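Below is one structure; the comments refer to it alone.
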Amino acid sequence: MCGIVGYVGPQTPGSRPLEVVMGGLARLEYRGYDSAGVALVTPHGLVSAKKAGKLANLVAELDREPLPAATAAIGHTRWATHGAPTDRNAHPHLSADQRVAVIHNGIIENFVQLRAELTESGVQLLSDTDTEVVAHLLARAYDGDLTTAMRTVARRLHGTFTLLAVHADAPDTVVGTRHDSPLVVGLGEGENFLGSDVAAFIAHTREAMELGQDQVVTLTPSSVEIVDFDGNPIAPKRYTVDWDASAAEKGGFRSFMDKEIHDQPHAVADTLLGRLDPAGRLVLDEIRVDEAVLRQIDKIIVVACGTAAYAGQVAKYAIEHWCRIPVEVELAHEFRYRDPIVNGKTLVVAVSQSGETMDTLMAVRHAREQGATVLAIVNTHGSTIPRESDAVLYTHAGPEVAVASTKAFLAQITAAYLLGLYLAQLRGTKFPDEIAEILDDLREIPDKIQEVLDAAGPVRHAAVEMKDVPSVLFLGRHVGFPVAMEGALKLKEIAYIHAEGFAAGELKHGPIALIEEGQPVFIIVPSPHGRDSLHSKVVSNIQEIRARGARTLVVAEEGDLDVLPFADRVFFVPRTASLLAPLLAVVPLQIFACELAAAKGLDVDQPRNLAKSVTVE
Ligand code: AGP
């Protein structure tokens, strides 16, 4: 969850290293953090500055005490794991001789033993962190070559880590390594970059390089060398980041979340792009799993967390209906502990926006150990989960900066639908013309999302009006049930309001006891043209709660007049196929949560206690 930036450039000391690193940290702020710091390599040795709190505190410190010109720099935004978020515990950490500086993302699980070893050898540790041990170990292992020292130390560490280090002796070098934690290389002209994700250096280059597990990268202004922990050279994979710098900016919206909600037509359209051959047949070349393997799959298990798990739950209905394969959706952190029944005929689908969620990564590993084929549906290129999967189907939602996931959710559902249609095509459970019809419906979704966005005024008004309500309930049925769960999650995580999503049919089994005068309840109503009787059952649910005093906010299909007598507010969405309805029904719920949080004056993009990517278990 920490933000990491490294830079090495021309060997004429200047301000660029600090500027690049501070700019990168600013772009990584979304990852959630509670302190920040930088270290520079100057002709007169290492200098550093670090402060608890937001980046602004570090900027103020640098204004108070400017750092000298440098040739290389590393920077860090820390999400505290070991040691409180204080100046002392902020990164970088320096060795006792002040010749080595290191920054770290992850958790070093054997740091207590390493601290004891260092203390016994007379080293005085200044912080409460696990990271500081690395600075001292690197100094002790250094024998003129920082890369070798990093390999030596990395092999001793247990847990998860992305590490960057610089040495006073090597003004033209930054060394990095990773184990179960993200690190990507940015390739420049006469300068090179490192980042915990591409947002760290996207303003400077879109040429990137993946760093694999247990590899060490050595950057100089003119070279990037990668070796494994044993020193064997690695030929890295280059790729071009297709997000431009402006994509990660707010683009005039009040918050990244608001911008990303409005990015959703593009997110869905781009995720569909390039996946049909001229004959209209699905061609998912990223899948790269042997067709014979996919034909013999007899079970699909989706593993994911949070919003990504709700995307999996939506997709379950469609994939089961189209492919006639049982689909389980399991919270990734529960998966391996329930002793799941997984074998060579199981397809495990790991859904993740960041591609770095540790719970999901661990589920992927377990699934592969059990012989399953693992396919990742991920938004972030170069991230760990796709690298550790058999195949990947990338969503093309672009950078999702706000902690609350919105456009990635729609893109994940879209990608999962494509997977379902691909399997249906491969296994012959759907005729080509049936698949073509569903794809036609999918291609209309971006414009229909735009219609919902254009008609969002009443939703925003309702949110402002209800900004002080203590709780909101969400009801849905069939594919509307995970939509209700997702709507509740949005409100919880950014407006800090208790919210709960229920299956509408569950009301009479308990939750209806929660209904009292004025209780706001969102109800996602199925299409009147969908599965028989589902619509009338949900309309009855609205009637039941309204009779008990609920304030009913209804999301319904345009033209559905049956809901009007029992709805305090109705937010209509365009008609679409029943299984695709979640792509539209969730949008009013996203807007409601975003608007209500803003009305409460909360930090919509970086809500308290949360990080964008949960890279620890
Ligand atoms: C969603 O709004 C939350 N930020 C959270 O539930 C998130 O979806 C979850 O942590 C999974 O993240 P991932 O998609 O990057 O794996």
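Assorted remarks:
- Helices (runs of 4 or more DSSP H) contained in the stretch 405-522 and holding at least 3 residues crowded, with 23+ Cβ neighbours inside 10 Å and within 16 Å of the ligand (Cβ to nearest atom): 407-427, 480-495
- Against the test of being closer than 25 Å to Thr414 by Cα, part of a strand (DSSP E or B) and more than 16 Å from the ligand (Cβ to nearest atom), the options Val570, Val555 yield a single qualifying residue, Val555.
- Boolean, Glu328 is within 16 Å of the ligand (Cβ to nearest atom) and not in a loop (DSSP other than H, G, I, E, B): no
- Only residues that are modelled with pLDDT of 95 or more and assigned to a strand (DSSP E or B) were counted in the stretch 179-194, giving 6.
- Of the helices (runs of 4 or more DSSP H) entirely within the stretch 110-177, those holding at least 2 residues that are of a type in the set (D, E, K, R) and farther than 23 Å from Ala200 by Cα occupy 111-120, 132-141.
- If you check Ala267, Ala318 for being more than 13 Å from the ligand (Cβ to nearest atom), under 19 Å from the mean Cα position of the chain (by Cα) and not β-branched (Val, Ile, Thr), only one passes: Ala267.
- Here Ala70, Ala39, Ala52 are screened, and the one residue that is out of contact with any Leu (no Cβ under 8 Å at 6 or more places or on another chain), buried (at least 19 other Cβ atoms within 10 Å of the Cβ) and aliphatic (A, V, I, L, M) is Ala52.
- Here is the figure for the stretch 376-391: residues that are within 14 Å of the ligand (Cβ to nearest atom), touching a strand residue (DSSP E or B) at 6+ places or on another chain (Cβ under 8 Å) and not in a loop (DSSP other than H, G, I, E, B) total 5.
- Residue within the stretch 58-65 that is among the basic types (Lys, Arg) and either within 25 Å of Thr177 (Cα to Cα) or outside any helix (DSSP H, G or I) (or both) present: no
- All conditions in (1) surrounded by fewer than 24 Cβ atoms within 10 Å (Cβ to Cβ); (2) within 33 Å of the chain's Cα centre (by Cα); (3) among the aliphatic types (A, V, I, L, M); (4) in a loop (DSSP other than H, G, I, E, B) hold for Ala90, with the sole exception of (1).
- Qualifying residue in the stretch 358-369 (condition: closer than 26 Å to Thr160 by Cα, within 12 Å of the ligand (Cβ to nearest atom) and part of a loop (DSSP other than H, G, I, E, B)): no
- Within the stretch 207-234, considering residues that are under 20 Å from the mean Cα position of the chain (by Cα) and not in a strand (DSSP E or B), the one nearest to Val175 (Cα to Cα): Leu211
- Among the conditions (1) at positive phi; (2) within 16 Å of the ligand (Cβ to nearest atom); (3) not basic (Lys, Arg), the only one that Asp339 does not satisfy is (2).
- Subset of the stretch 574-617 (residues that are among the charged types (D, E, K, R), part of a loop (DSSP other than H, G, I, E, B) and touching a residue at least 12 places away in the same chain (Cβ under 8 Å)): Arg575, Lys600, Asp605, Arg608, Lys612, Glu617
- Pairs, first more than 14 Å from Gly476 (Cα to Cα) in the stretch 508-522, second among the polar types (S, T, N, Q), C-beta under 8 Å, six or more apart: Gln519/Ser471; Pro520/Ser471
The values are calculated or read from the model by the stated rules, or taken from the named source; none is laboratory data. Just so we're clear, the structure is a prediction, and the values are computed from it rather than from any experiment. Neighbour counts are summed over all protein chains in view; Cβ atoms, including those assigned to glycine, are modelled from backbone coordinates with ideal geometry.
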